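The block underneath contains the structure these notes are about, expressed in structure tokens.
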Amino acid sequence: MKQNSFLSSILFSIGALALGTACQENPPADTVLLPTNLVRTLTLSPTQKGRVEASIKADNANFYAILFETPNGFVSPTMKGNAATYTYADTGWFVVKFRAHVSAAQFSEIIDSVYIQFNPISLKNGYQSPESYSGYRLVWADEFNGSNLDMGSWTYETGTGQWGWGNNELQYYHEGEKNAVVEGGKLTITAKQESAGGAQYTSARLVTRGKKEFQYGRIDIRARLPKGQGLWPALWMLGSNIGSVSWPACGEIDIMESVGQKPNEVQGTAHWGSSVPSTFNSKKYRLSAGDFTDSFFVYSIIWEKDKIEWFVNETKYHTITPLNTGSIYPFNNPFFFIFNIAVGGNLPGSPDASTRFPQNMEVDYIRVFQVE
């Protein structure tokens, strides 16, 4: 697997240093000996793009804190001793505050800054899957090469759904181009922090139900994912008989789902069962360096009678058969596709101050091949 890095350069600059104190408005009579001789380090990870690694030491300090500036304010990651890390997704100058504490309200502080530069990511960045496979024929594809969504294949699902689409999610799904645009050879689904329909976030959810439904085949989807606490992008399928048997009896095949706070990890999952909650079988795929926002990856399944296999860039990482599901196996029936970014919900939790909006999931293509 090769990745074409979109991080062309990250420039680091030590800004002005400042020592300060934060004390009670009416300090006690006893003199407080604040920490002195503050020494800090601030470096950029050589393997994970945008990741800043920081540490601090001082004399007379009881504990430390490091605060990283973000577009939504400062965040303070959990310290590991005297060190902390934070991964940026935005270009610009950011302040980093190093604090050596005597108590929660009494500390000495030193301030540095870091500049991070990202280049735009094009469709050329990342893995490309073959356009054909021996023994298969292409039965349907959407390359998203036009200027409008193909409404002969897709339908917008809108609103907040019942109990947040069954997952306690926080977004309102819009119809049309407010949150889903086809241009530049790709489909872009955008999650935004804005009010609509009683929700504080908006996004889009596209389905092929009743229009493009399939039973078995090889499915390739090339996409670049968003990241951030509380984001939940997914490329997945539901059984076409959901209207008569409901979920989870219809079955669910998650070709790819990811929680934005773990941008180097995706998972493939199958759900089934006779009642809510579902029974499921899932496995994760992790990158050794970088994350799934860095470039385009191809998420695939090979779906046969009584077997489904999951792949990332041709690397197989998960398989299920009826041996994994007991006596219930709904995956030999027709299914339809769903593309969406959920915000919040049971799996990722809610966004926090570190979550940067808007966030995009870009899909280059979906291709469905079946055995000749």
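The values are calculated or read from the model by the stated rules, or taken from the named source; none is laboratory data. The shown structure was predicted, so the numbers you read here are calculated from the model rather than taken from an experiment. Glycine gets a Cβ as well: all are built from the backbone with ideal geometry, and neighbour counts include every protein chain shown.
As a summary of the residue check, Ala191 satisfies the conditions (1) more than 19 Å from Trp236 (Cβ to Cβ); (2) hydrophobic (A, V, I, L, M, F, W, C); (3) within 22 Å of the chain's Cα centre (by Cα) except for the one numbered (1).
Residue by residue, here is whether (1) modelled with pLDDT of 95 or more; (2) over 24 Å from the mean Cα position of the chain (by Cα); (3) outside the structural domain of Gln359 (by TED's automatic domain parsing) holds:
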site: Ala16; (1), (2), (3): no, yes, yes
site: Gly20; (1), (2), (3): no, yes, yes
site: Cys23; (1), (2), (3): no, yes, yes
site: Leu34; (1), (2), (3): yes, yes, yes
site: Thr41; (1), (2), (3): yes, yes, yes
site: Thr70; (1), (2), (3): no, no, yes
site: Gly73; (1), (2), (3): no, no, yes
site: Ala89; (1), (2), (3): no, no, yes
site: Ile110; (1), (2), (3): yes, yes, yes
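Residues that are aliphatic (A, V, I, L, M) and under 27 Å from Ser288 (Cβ atoms) were ranked within the stretch 315-341; the one that is farthest from the chain's Cα centre (by Cα) is Ile320.
Yes/no matrix, rows are residues, columns are (1) surrounded by fewer than 20 Cβ atoms within 10 Å (Cβ to Cβ); (2) part of a strand (DSSP E or B):
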| site | (1), (2) |
| --- | --- |
| Ala54 | no, yes |
| Glu69 | yes, yes |
| Thr78 | yes, no |
| Ala84 | no, yes |
| Trp93 | yes, yes |
| Val96 | no, yes |
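Condition check: in the same structural domain as Ile328 (by TED's automatic domain parsing) and touching a Cys at 6+ places or on another chain (Cβ under 8 Å). Does Ser240 satisfy that? Working first, answer last.
Values: in the same structural domain as Ile328 (by TED's automatic domain parsing): yes; touching a Cys at 6+ places or on another chain (Cβ under 8 Å): yes.
Against the criterion (in the same structural domain as Ile328 (by TED's automatic domain parsing) and touching a Cys at 6+ places or on another chain (Cβ under 8 Å)), Ser240 qualifies.
The single residue among Phe311, Phe331 that is closer than 20 Å to Ile219 by Cβ, touching a residue at least 60 places away in the same chain (Cβ under 8 Å), in the same structural domain as Arg205 (by TED's automatic domain parsing) and buried (at least 17 other Cβ atoms within 10 Å of the Cβ) turns out to be Phe331.
Matching residues to (1) out of contact with any helix residue (DSSP H, G or I) (no Cβ under 6 Å at 6 or more places or on another chain); (2) closer than 30 Å to Lys227 by Cα; (3) not in a strand (DSSP E or B):
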site	(1), (2), (3)
His318	yes, yes, no
Tyr329	no, no, yes
Asn332	yes, no, yes
Asn340	yes, yes, no
Gly345	no, yes, yes
Pro348	yes, yes, yes
Asp352	yes, yes, yes
Thr355	yes, yes, yes
Asn360	yes, yes, no
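Consider the stretch 266-283. How many of its residues are among the charged types (D, E, K, R) and free of Cβ contacts under 8 Å to residues at least 24 places away in the same chain? I'd like the intermediate steps shown before the answer.
Pass one, the stretch 266-283, residues among the charged types (D, E, K, R): 283.
Cutting the leftovers down to free of Cβ contacts under 8 Å to residues at least 24 places away in the same chain gives us none.
Matching residues across the stretch 266-283 total 0.
Tyr115 satisfies every condition listed in (1) of a type in the set (Ser, Thr, Tyr); (2) free of Cβ contacts under 8 Å to residues at least 12 places away in the same chain; (3) assigned to a strand (DSSP E or B) except (2).
Determine, yes or no, whether Ala89 is outside any strand (DSSP E or B) and either small (Gly, Ala, Ser) or in contact with a Pro (Cβ under 8 Å, 6 or more places away or on another chain) (or both).
Numbers: outside any strand (DSSP E or B): yes; either small (Gly, Ala, Ser) or in contact with a Pro (Cβ under 8 Å, 6 or more places away or on another chain) (or both): yes.
It is true that Ala89 is outside any strand (DSSP E or B) and either small (Gly, Ala, Ser) or in contact with a Pro (Cβ under 8 Å, 6 or more places away or on another chain) (or both).
As a summary of the residue check, Trp232 satisfies the conditions (1) closer than 24 Å to Pro358 by Cβ; (2) surrounded by fewer than 24 Cβ atoms within 10 Å (Cβ to Cβ); (3) in contact with a strand residue (DSSP E or B) (Cβ under 8 Å, 6 or more places away or on another chain) except for the one numbered (2).
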